[in-house]
Each structure stands twice: as structure tokens, then as C-alpha cells.
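Everything on this sheet refers to the single structure shown next.
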Amino acid sequence: MEKRFKKWKKPKIEDGKLTKYNWLIQNKKNLKLGEYTDIGAFTYINAKYGVVIEDYVQIGSHCSIYSISTIDNKKGKVVLKKNCKIGSHSVIMPGITVGENSVVGAFSFVNKDVPKNTLVLGVPIKIVKKYE
């Protein structure tokens, strides 16, 4: 376990209110938050149709994670698999799964699934590298 997670505690989450770390969740009852997660300040998560954040996931600041989009009427569960990392200011759209150990570069627009062990980035995302 990384040193920074030794004193990790699950944050207190209230629906529609900032956590002490200054990130916000709507529809809290549909969020499954794993252990040893790190969610950056000013991140917004709408879990109306489900959001699963597995263990050791890191999400940068100012990210938006949507299980529903009123612009194009898409909806679906978002799954962030174990040990994936989401770069600051990225947007994840409804129904997306980001694979285990994958990295989403900063300022990326994730509108399709990300395979495990993959680096993606861009608007919209493109695969840049596969990890062993």
C-alpha cells in the first residue's frame, strides 16, 4: 500500500454537498466507492444511473463524471476499475468503463470504453499506449 493511503478513511458524503475535500456527488445512493480512492477538488459526479469507483482509483481535480446526459439523453452506469487514473479536467460520459490500471490524460473527453492497461487522451480520446 502506498504511504499516502496509510491513514485513508472513507469520506463523509452528503448528496449535493461538497465533501471536506471539495468534491460533490449527486444521487449518492447510486455511488459505490472503493477503498483508498483519491478524488480531486471540484470534481462533480452524477450517479443517477450508477457510478462504481473501485479501489485505488485516482481522479484529478475539476473532473465531471456523468451517468446521465441531458444534452443527448444518454444514460448508463460508469465504472472506474481498480487502480485507474483520471487526469484533471476530464469528462466521462454515461455508460463508460475505464479499465483496470488505465490512465486518462488531463483534459480528455471519454465517450467510449477504455481497455485495461491503456493510456488514452484527447477530445475525444484516442489510445496512445498499451501497458504490459
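Here, each number is a calculation from the coordinates, and none is a lab measurement. Fair warning: this is a prediction, and the values are worked out from it, not measured in the lab. We place every Cβ from the backbone using ideal geometry, glycine too, and count neighbours over all the protein chains shown.
Key figures for this structure:
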item: For the range 3-130, size of Cβ-based charge dipole, Lys and Arg +1, Asp and Glu -1, in debye; result: 380
item: Diffusion coefficient, µm² s⁻¹, Stokes-Einstein with Kirkwood Rh over alpha-carbon pairs of the range 3-130 at 20 °C and 1.002 mPa s; result: 150
item: Linear extension gain, residue 61 paired with residue 22, 0.36 nm per residue minus alpha-carbon span; result: 13.1 nm
item: Peptides 84-96, 109-121, 65-77 ordered by average Cβ neighbours within 10 Å, highest first; result: 84-96, 109-121, 65-77
item: DSSP bridge orientation in the chain - percent antiparallel, rounded to nearest 5; result: 20
